[in-house]
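Read through the structure below, which is laid out as structure tokens, and then see the notes.
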Amino acid sequence: MHDPIYLLAEALGTRLKTLDLRLALAESCTGGGIAKAITDVPGSSGWFDRGFVTYSNDAKIDMLGVKPETLAKVGAVSEEAALEMVAGALTHSHADVALAVTGIAGPDGGTPTKPVGTVFIAWQARGAVGVCLQKQFSGDRQSIRQQATLFCLQQLLQWLEPPTSP
């Protein structure tokens, strides 16, 4: 039996193949964990275009085109940064859809307004406006990263579900 992350990645791949879409990722706090989960699935090269692990602010600027002003004004862990990251992942890939995640996995780095476990997840389809969600996870560094990976895969899968008829 595979773990829930693998099963979600597998289901995501099936959905993306069915829709004939390719995915790109821009990861910060998960450190490539989502891309690893996806590439653990055989055949993922048919629906996964690329992943950017942009851990530093410089990487976010250089690889994804995140504006230095955004990082200076609101920080890397923000809705604005996540939305710029996801837009950059689409700009710098051949993907049809993208997801970006940025957050504070801990054990340090948290503030009263952005405690450890604060994560922003953004997703966007090419030619559309990005959407961002803020989540608060708890636990140690590994647990927060695992929860973020699981949640991101769940969100992508849910986002790509066909609308249900009334």
By my count, helices (runs of 4 or more DSSP H) wholly in the stretch 47-156 with at least 3 residues that are among the acidic types (D, E) are 79-91
The lone condition L64 fails out of (1) touching a Leu at 6+ places or on another chain (Cβ under 8 Å); (2) surrounded by 21 or more Cβ atoms within 10 Å (Cβ to Cβ); (3) within 24 Å of K135 (Cα to Cα); (4) without any contact (Cβ under 8 Å) to a residue 60 or more places away in the chain is (1)
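Restricting to the stretch 1-46, and then to whatever is assigned to a loop (DSSP other than H, G, I, E, B) and either in contact with a Pro (Cβ under 8 Å, 6 or more places away or on another chain) or of a type in the set (G, A, S) (or both), can you tell me which residue is surrounded by the fewest Cβ atoms within 10 Å (Cβ to Cβ)?
Once the filter is applied, the top-ranked residue is G43.
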Only one of G117, G139, G130 is farther than 15 Å from L23 by Cβ and either in contact (Cβ under 8 Å) with a residue 40 or more places away in the chain or surrounded by 15 or more Cβ atoms within 10 Å (Cβ to Cβ) (or both), namely G117
Out of (1) in contact with a strand residue (DSSP E or B) (Cβ under 6 Å, 6 or more places away or on another chain); (2) in contact (Cβ under 8 Å) with a residue 60 or more places away in the chain, the one R50 does not meet is (2)
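Quick one: which residue in D49, D58 is of a type in the set (D, E, K, R), over 17 Å from G130 (Cα atoms) and surrounded by fewer than 18 Cβ atoms within 10 Å (Cβ to Cβ)? Explain how you work it out, then say what you get.
Working: D49 fails: surrounded by fewer than 18 Cβ atoms within 10 Å (Cβ to Cβ).
On inspection, the qualifying residue turns out to be D58.
Every number in this text was worked out from the coordinates using simple rules, so none of it is lab data. Given the structure is predicted, the values throughout are model-derived calculations rather than measurements. Cβ atoms come from the backbone with ideal geometry, glycine included; neighbour counts cover every protein chain shown.
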